[in-house]
Every structure is written in C-alpha cells, then in structure tokens.
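Quick one: this structure, given as structure tokens, is what I'll be asking you about.
Bear in mind these aren't lab numbers, they're just calculated from the coordinates by the rules spelled out. Computed from a prediction, not measured in an experiment: that's the story for all the values here. Neighbour counts are summed over all protein chains in view; Cβ atoms, including those assigned to glycine, are modelled from backbone coordinates with ideal geometry.
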Amino acid sequence: MKILLRGAKYFTPSGFVDGDIAVDSQSVYKNCLPDNFISDIEININDCFVIPGFVDVHTHLREPGFSYKESIFSGTRAAAKGGYTSVCTMPNLNPVPDSIENLKQQTDIIKRDAVIEVLPYGSITKGERGLLLSDMEDLSPFVVAFSDDGVGVAKKSVMLNAMKKATKLNKIIAAHCEDVTLIKKGGCINQGDFAKNHNLTGISAKSEWSQVQRDISLCKKTGCKYHVCHVSTKESVELIRQAKKKGLKITCETAPHYLCLSQNDLTDDGRFKMNPPLRTEEDRQALIKGIIDGTIDIIATDHAPHSAAEKSGGLINSKMGVSGLETSFAALNTYLVKKEIISLEKLIYCMAIAPRKIFDIDKAGITMDSPNLAVLDLNSCRTVKGDEFVSKGKSSPFEGKTLYGQNILTIKSGEIIWQKRN
C-alpha cells in the first residue's frame, strides 16, 4: 500500500518539521515525493504529529499459558491502538521460554496472530526459579534480551554467571530488581503513610534499590550490558546515575504510572496495585529528574493485564499489574508535556528512539526512515474507560481521568493496522 499523509508535522532528531509524508512498504519519503509515487490512500492529518512508532521494551502478552488475561492477538491490537509498532514480551509464561522448544510455542503464536512486531525475551534461569541458567546460548539468536521479570534473581552467584554468559553473547540482562527477603508477607503497596494509615503491609524501597546496588557491582566485574526494569525509587535513580558516570554499560526504564502518580493517589482499588508499587511524591519527582537529565533512558509500559476477577480484590487481594499500552502516551503527554515539565521531543525520544538504540530494534526508525509510524493528535482528549480497551485487561490507574493526546493512525511496514474512527 502507498499512503500519503498531508499536512503533517514529522519527527526529526532536531525537532518537528512541517511537510507531507509518503509511505510504502519499504520507505518513508519526507516532503519530497518520488516522481512515480501514486498513493492508494491519501489522508489529511491537519497538523498532527507523525513519529516513529513507539517501542515498548516491557510488555506482558501472557501467551502461552495465560490467554484468559491477554493473548498475542488482543495485546498487539491494543499496542497498535496505542501507537506501538514493536513490543518486547516478558518471559513469565507457561512454559517459560528457557529453551528453544519452549520459545517455539510462543513464536508460533506470534507468527500466527501478531499484528505488530513482537520480540520475545528469553528467561535468565530455568523456569524463572533463579537456580540454573536457561539455555542462553541456544536462545540468544532468537530473543531480544534475557530477563526473569516477575521475580528478582535472588542468588548473587547466579546473576554473576548470567552476566558473564550474556557478555559473551553480547546480550542485555534486563533485571527485575526485588529482594523478597525484605518484603513482608502480604506486602501490597509502598511502605509509607497510606499503608500505615490504612493498616496495610508495605513494600520497602530498599527491596528494589538493594538489588540494583548488588547488580551494579556485578556489572562492573563483568562488563555486562545491564538494564534495570521499572525503576520506582529515588535511591535506584541515584545509584544508576552514579554508575553511568563511571562508564558502566547500564540503562534503565520507568513506567508512566510512576511518573504520573504516587501513593497520594491511592484508593483501595485493585487498579492501583502493581509491582513495584506507586511510591512517594519525592520518588516521583526523582524519576522525573532522571528523565530530564538522561539517567532514565526509556519509558516502558509494563503492561500487565489480568482478568476482572483478579483485579476486583482491592489492594490486598488483587493481582499485581495494570494495563498500559492504550493510555501511556496520553498520560505522559497530559502529566508531563502539557505541564511543560518535558518537551514532546523528549517524550518521543524515551518512548520511540532510545528503545530502538539500546535494544537494537528497527534502527531505521531512529531517523524515521522505517515505514513503522504513528500519528498523534495532541488536541484530542478522552476520559479513560477500561471497558473500552482493546486489551483483555481493563484495569488502569488512570480510570476516569481525562487525558490529552491520542494516537489516530498506526502504520506497520507501510500498512495501516489501526485507525481511529470518528
């Protein structure tokens, strides 16, 4: 298909430029159409912003094993609606992708059902049990990185060996940093005022940052490319900042809910239960500062859908995890860009450019020369209603909030895979 987008503002590394965009299956033509280009479809997008499609390096698509929560088909459609053209799917599945045989069960479904690019993680350890390393060498050519997301790798010796192996394979270790020995049974929210005032068991900040601290020391020993998942505490940000200053190969991500919300926003509702939990306002401000100064590289969704029943138990009895693919850009645009805390260009960098650079995904998209695009209308707004999500997971901490900025068109390999209908 040949698509012509008229009246665009299109992304460049130095800012947005006015002009028309033409797209076919192989190329993007910016304000300079080839002589023989005859469009199949022409759309006047009226000063909307054309960007490289978002890339989410932290998504839970739940299949195989838990398709009642999400499927690759439903999850990638939700991603397309949110403006994503590539997602990296976490390995807490059944079976865990710790071998080629197990990974194939996932990749067969991806080939059959995905509407965007899906890049699977391999697990760091067998069964994500934290004891024996997965078949990392065999998996390496077929996975984007290695992670045991959902649990931290408890044994220092196991993580050390994993980093040594990943360094030889030139692969990233993406770590879920959580020391469960520092978490009391029943921990459901941040260890802070809300937990104290409501007689709830809190989760300490140290349970996150102590494992970040441990892994930084291992990263220094091994030279491993090390990525910290869903950073939520001010201590983690500072540890990573100092590690970067020392030249370590360390990157990190946070998620929209940690940048937009804090424990001050909590109510006794399962839509506010996620791991790690919403932290203090001081932590939130430290995360924002980390985005501004480049300590935090990527904003990922940590899209973690569950069934309605699993999210109906309040803060104590609900499963941890919320849906984010369909609200991430609008939430960040509303809470950060519209308030002039960061620029739109900075947000696009964290959601679309840095993920490509760090995880070596769709490199042509960095300069918007890849036909994987999204079109953003910053003037539109909507009230978040989980029941309207494409995702099977309907639980969002932004439920009922009016958010500004919507993706109106997603193009993957030159084909329109999602378009907002009036």
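Tell me yes or no: at least one residue of the range 74-96 is more than 29 Å from ARG421 (Cα to Cα), in contact (Cβ under 8 Å) with a residue 24 or more places away in the chain and not in a loop (DSSP other than H, G, I, E, B).
no
To keep it simple, each residue is scored yes or no on (1) crowded, with 18+ Cβ neighbours inside 10 Å; (2) at negative phi; (3) part of a helix (DSSP H, G or I).
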| position | (1), (2), (3) |
| --- | --- |
| ILE291 | yes, yes, yes |
| LEU315 | yes, yes, yes |
| SER323 | yes, yes, no |
| ILE341 | no, yes, no |
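Return the residues of the range 233-267 that are more than 18 Å from the chain's Cα centre (by Cα), outside any helix (DSSP H, G or I), farther than 29 Å from GLY400 by Cβ and not hydrophobic (A, V, I, L, M, F, W, C); say none if nothing qualifies.
LYS246, GLY247, LYS249
Looking at the range 98-112, I want the residues that are farther than 18 Å from THR59 by Cβ and have a partner that is of a type in the set (A, V, I, L, M) and part of a helix (DSSP H, G or I) with Cβ atoms under 7 Å, at least 6 apart or on another chain. Which pairs are those?
Qualifying pairs under 7 Å: ILE100/LEU139.
Kindly check whether there is at least one residue in the range 55-62 that is in contact (Cβ under 8 Å) with a residue 24 or more places away in the chain and surrounded by fewer than 24 Cβ atoms within 10 Å (Cβ to Cβ).
No, the range 55-62 contains no residue that is in contact (Cβ under 8 Å) with a residue 24 or more places away in the chain and surrounded by fewer than 24 Cβ atoms within 10 Å (Cβ to Cβ).
A follow-up question, please. So which strands (runs of 3 or more DSSP E) are wholly in the range 9-50 and hold at least 2 residues that are of a type in the set (A, V, I, L, M)?
By residue number, 15-23, 41-44.
Given the conditions (1) in a loop (DSSP other than H, G, I, E, B); (2) out of contact with any Leu (no Cβ under 8 Å at 6 or more places or on another chain); (3) farther than 30 Å from LEU266 by Cβ, report the number of the one that ILE361 does not fulfil.
(2)
Same structure again: Being under 12 Å from PRO91 (Cβ atoms), in contact (Cβ under 8 Å) with a residue 40 or more places away in the chain and either crowded, with 24+ Cβ neighbours inside 10 Å or not aliphatic (A, V, I, L, M) (or both) is the filter here; which residues of the range 115-142 pass it?
Matches in the range 115-142: TYR121, ILE124.
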